[in-house]
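A.B. asks: Sharing a structure below in structure tokens format, with a few things to ask.
The values are calculated or read from the model by the stated rules, or taken from the named source; none is laboratory data. These numbers come from a predicted model, not from an experiment. Please note: Cβ atoms are built from the backbone with ideal geometry, for glycine as well, and neighbour counts cover all protein chains shown.
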């Protein structure tokens, strides 16, 4: 039951984020940005986010059975809002600096999940690793765009 709920919520976040970014990666604004040399091709983002949200949903379905509390839900909601809002801030509003702050906060929050619950989740913590690693990469891409544009 929890897995289905988290899959629905997390994939809804992807859908809402895509909708909020408007034409996003295909816009003239984004195409003309000075992007980091390590920016992956566009198709990688879809594969990465699909993998991330499946793994994160499985991770959360285990974690909720261990650490269900108001703090758990508050952190999850904050993660959801940060994740969704980054798309709007970066792609729609073109506020690269503010987007950098948002993605840094999201990375710190996912890092908190990763390391704070490590003793409870043990090997299952590997399920959140793709999210954390991707956010580190995405933060570097956002920072490069901020510094070079």
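A.B. asks: Tell me the residue from 12, 85, 57 that is within 16 Å of residue 127 (Cα to Cα) and part of a helix (DSSP H, G or I), please.
C.D. replies: Only one candidate passes the filter, namely 57.
A.B. asks: Sticking with this structure for a sec: Residues in region 28-36: is at least one free of Cβ contacts under 8 Å to residues at least 40 places away in the same chain and outside any helix (DSSP H, G or I)?
C.D. replies: yes
A.B. asks: Only residues that are loosely packed, with under 15 Cβ neighbours inside 10 Å, in contact with a helix residue (DSSP H, G or I) (Cβ under 7 Å, 6 or more places away or on another chain) and more than 18 Å from residue 10 (Cβ to Cβ): list them for region 68-94, please.
C.D. replies: 94
A.B. asks: Looking at 12, 32, which is the one that is surrounded by fewer than 17 Cβ atoms within 10 Å (Cβ to Cβ), within 14 Å of the chain's Cα centre (by Cα) and more than 20 Å from residue 116 (Cα to Cα)?
C.D. replies: Result: 12 is the single residue among 12, 32 that is surrounded by fewer than 17 Cβ atoms within 10 Å (Cβ to Cβ), within 14 Å of the chain's Cα centre (by Cα) and more than 20 Å from residue 116 (Cα to Cα).
A.B. asks: How many residues does region 100-144 hold that are crowded, with 18+ Cβ neighbours inside 10 Å, in a helix (DSSP H, G or I) and modelled with pLDDT under 95?
C.D. replies: Number satisfying all stated conditions: 4.
A.B. asks: List the number of the failed condition for residue 39; all other conditions in (1) over 17 Å from residue 119 (Cα atoms); (2) assigned to a helix (DSSP H, G or I); (3) in contact (Cβ under 8 Å) with a residue 12 or more places away in the chain hold.
C.D. replies: Unmet condition: (2).
A.B. asks: Now, a different point. Out of region 96-136, which residues are without any contact (Cβ under 8 Å) to a residue 24 or more places away in the chain and more than 24 Å from residue 71 (Cα to Cα)?
C.D. replies: Of everything in region 96-136, just one residue is without any contact (Cβ under 8 Å) to a residue 24 or more places away in the chain and more than 24 Å from residue 71 (Cα to Cα), namely 98.
A.B. asks: Taking residue 148 as the residue in question, decide whether it is modelled with pLDDT under 95 and either surrounded by 14 or more Cβ atoms within 10 Å (Cβ to Cβ) or closer than 21 Å to residue 40 by Cβ (or both).
C.D. replies: Answer is no for this residue.
A.B. asks: Based on what the data block shows, is residue 92 touching a residue at least 24 places away in the same chain (Cβ under 8 Å) and within 21 Å of residue 18 (Cβ to Cβ)?
C.D. replies: Yes, satisfied.
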